[in-house]
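Structure, as structure tokens:
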């Protein structure tokens, strides 16, 4: 039935109508007059779960608006029908993520699930490190658009998704062998965007492509040293204690401090100041999560 909806617009009309039906059932329950519609409730809920993944590339439907009894009934139905397993999204670190590439049970379902998983994977990573992951996010968006328009077959989508997945996994480990930790490597990737004359400097050509460092260990370049100093500045208890972003004086002092880090060749001081501002904006939320693991 979901496939029969065809266009995305029809899905959103169906979703709105289905949501109204679920809310009406929840409001009238436990009135005995709604009992004949219990099977319809389960059927519609199942369609919402699968349709959400198929059209919106999202995993969950919010059941919080319904009573505990109805939530339990819908959850049980998803378990019994196997839809919870079908619509469960996995990360690259989970073996189940790669199963759809090796031995898909159904090509179309596998393609839909893989696009949904990659949408989440690339969106989450891009939010933290746009300089490194935005290209993958844009590629996934393009695949979703082409697939929804019927321009790509499921098999072609899986092939393209495998390529993107391999690329993201390689990017995740790209810092290994460079002498940088993951955060410093990400900072170096951003800083590289401000380094206008990188390709003009003899001896620094390798740093123009940070990925090459993983296969050819060498002494740290000026750009990498700057990235490490900035990373240390924002992760040290002395210069950036827990909840520094809530302390006015520290919040004002960190960007100028980052701007005083040694300028990599070809990087103007103004570029470094702008970069330090980018670091502050990008790390405020990350700092909360980062501090919890220290």
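What follows draws every value from the coordinates through simple rules; no lab data is involved. This is a predicted model, so every value here is computed, not measured. In this analysis, Cβ positions are derived from the backbone assuming ideal geometry, glycine residues included, and neighbour counts consider all displayed protein chains.
Values as computed for the structure displayed
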quantity	calculated
For 90, 175, order by how many other beta-carbon atoms lie within 10 Å, fewest first	90, 175
Peptide ranges 48-59, 147-158 listed from the most packed, as the mean C-beta count within 10 angstrom indicates	48-59, 147-158
Order of 140, 168 under a 10 Å beta carbon neighbour criterion, fewest first	168, 140
By average C-beta atoms within 10 angstrom, highest first, the peptides 126-135, 23-32	126-135, 23-32
98, 63 arranged by Cβ crowding within 10 Å, fewest neighbours leading	98, 63
Volume per residue of the C-alpha convex hull in segment 95-172, rounded to whole Å³	78 Å³
